[in-house]
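Comments concern the structure below.
The values are calculated or read from the model by the stated rules, or taken from the named source; none is laboratory data. Nothing here was measured: the structure is a model prediction, and the numbers come from that model. Cβ: placed from backbone, ideal geometry, glycine included. Neighbour counts: every protein chain shown. Calculation scope for accessible area: heavy atoms of the full protein, side chains included, ligands and nucleic acids excluded. Shrake-Rupley method; radii C 1.70, N 1.55, O 1.52, S 1.80 Å.
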Amino acid sequence: MSHAIKAEGLVKHYGETKALDGVDLEVPAGKVVGVLGPNGAGKTTAVRILGTLIRPDAGHATVGGHDVVKDPVLVRRMIGLTGQYASVDEDLSGTENLVLIGRLLDLPRARAKARAKELLEQFELSDAAGRAAKTYSGGMRRRLDLAASLVGRPAVLFLDEPTTGLDPHARNDVWQVIRRLVADGSTVLLTTQYLEEADQLADSITVFDHGKVVANGRADELKRRVGGQTLQVRPTSLADMDLVNRILGELTGVRPTRDDDTGLLTAPVSDPVLLSTLVRKLDEAGVTADELALRLPSLDEVFLALTGTRAEPGHTDNSKTPEGSLV
């Protein structure tokens, strides 16, 4: 399988702080790889190196087969990058911002205007196309920034926490855009602290912690690696809690976790066949349930187990790196 992005042994220091400590990363062409990690884990530093904004102190990386240090101009011709903060010119209108980017990318004026119109429609900004960006809400500016990164139809797109500050509707719109880009053959490296976002979009996930890669794989693989499956049952009647607790305990061989406020009982299991056995035993006991499920750990639980912290959406990477943006 060809790789659109490949990094080996990336190291980056800022004084005594080691932002990256030998990071290896591979992103197959035409796929979405999600990069997760707590604040300061090195996610943004890695993106800035791959986007040619800063140089690594050691290691090697290529994007589209081009070395990010030796061939930065060739890399920039094939990538788009959206950073953690909107970088549009607030004195220009939405249309003017996108036309400016198009002209900087050597698009003829007519094509630049057509591409701007297309993207403004795609991101539901047509009604505000002629207004100065400084009059936009935070979510609107974010969408305009995303649109700017797509003007050149990049083959490889770096999205550094792209939906921070967006409401659920706008976030879903961005997800649909990403899915369409990948369906058309683009490759996406996505850093995010919205774990649902990674679960929804990423073909595989790489977890950073303290400048190192601590895990990678598909979401379901990471979930299985962290822990087995869990049986959950919520009896319709709270009066059946004791009975269900006993049945679930006998079936799994462990003491179930019990929440008398919500009526939920849970127990870890190693054999998914136990779900059908539990259904039969509840039926035999005349117990009905409002909720009955067999589930893997959530991605939030995976994140906590691997890094010792919970994800904090909306916060940024604390690595002390220079600010910059690239389209």
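In a shell of Cβ-Cβ distance under 15 Å around residue 224, excluding residue 224 itself, what net charge do Lys and Arg (+1) and Asp and Glu (-1) give?
Details: positive: 218, 223, 225, 295; negative: 199, 220, 221, 271, 301.
Once positives and negatives cancel, what remains is -1.
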*Around residue 213, which amide H atoms from residues at least 5 apart in sequence, or from another chain, sit under 5 Å from its own amide H, with H modelled in the peptide plane?*
24
*the range 222-257 and the range 190-206: distance between their alpha carbon centers, rounded to Å*: 29 Å
*asked:* Need the list of lysines near residue 134 for cross-linking: C-alpha distance under 25 angstrom, and skip anything on the same chain fewer than eight residues off.
replied: 113, 117
*Rolling a 1.4 angstrom probe over the protein heavy atoms, how many square angstrom per residue are accessible across the chain?*
47 Å²
*Dipole of the chain, positive direction: furthest Cα of 22, 75, 175, with charges on the beta-carbon*: 75
*Relative contact order (percent, whole number), the range 1-133, Cα cutoff 8 Å, 6+ residue spacing*: 19 percent
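So, by mean Cβ neighbours within 10 angstrom, what's the order for 112-125, 185-198 with the highest one leading?
On the way: 112-125: 18.6, 185-198: 22.5.
The densest-packed peptide leads the list: 185-198, 112-125.
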*Dipole magnitude of the chain about its Cα centre, charges +1 at Lys/Arg Cβ and -1 at Asp/Glu Cβ only, in debye to the nearest 20?*
1200 debye
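Probe radius 1.4 Å, ligands and nucleic acids ignored: give me the carbon and sulfur share of the accessible area of the chain as a rounded percent. Mind dumping the intermediate values first?
Values: 7410 of 15530 Å².
After summing per-atom areas, the C and S share lands at 48 percent.
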*Accessible area of residue 257, 1.4 Å probe, to the nearest 10 Å²?*
90 Å²
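Among the DSSP beta bridges whose two residues both lie in the range 98-233, what percent are antiparallel, rounded to the nearest 5? Don't skip to the answer; put the middle values down first.
Values: 5 of 10 bridges.
That works out to approximately 50 percent antiparallel.
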*Provide the percentage of antiparallel DSSP beta bridges, counting only those with both residues in the chain; round to the nearest 5.*
70 percent
*Relative contact order for the chain using alpha-carbon pairs under 8 Å, separation at least 6, rounded to a whole percent?*
23 percent
*Between the range 1-32 and the range 42-89, what's the alpha-carbon centroid distance in Å?*
10 Å
*asked:* Rolling a 1.4 angstrom probe over the protein chains, ignoring ligands and nucleic acids, what is the accessible area of residue 203 in square angstrom, nearest 10?
replied: 70 Å²
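For the chain, what is the calculated [θ] at 222 nm in deg cm²/dmol (nearest 500), taking -39500 (n - 2.57) for each run of four or more DSSP H residues and dividing by its residue count? Present the calculation step by step, with values, prior to reporting the outcome.
Numbers: 11 runs with 115 residues, N = 327.
About -10500 deg cm²/dmol.
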*Using a cut-off of 15 Å between beta-carbons, work out the net charge of the residues near residue 169 (Lys and Arg +1, Asp and Glu -1, residue 169 not included).*
-2
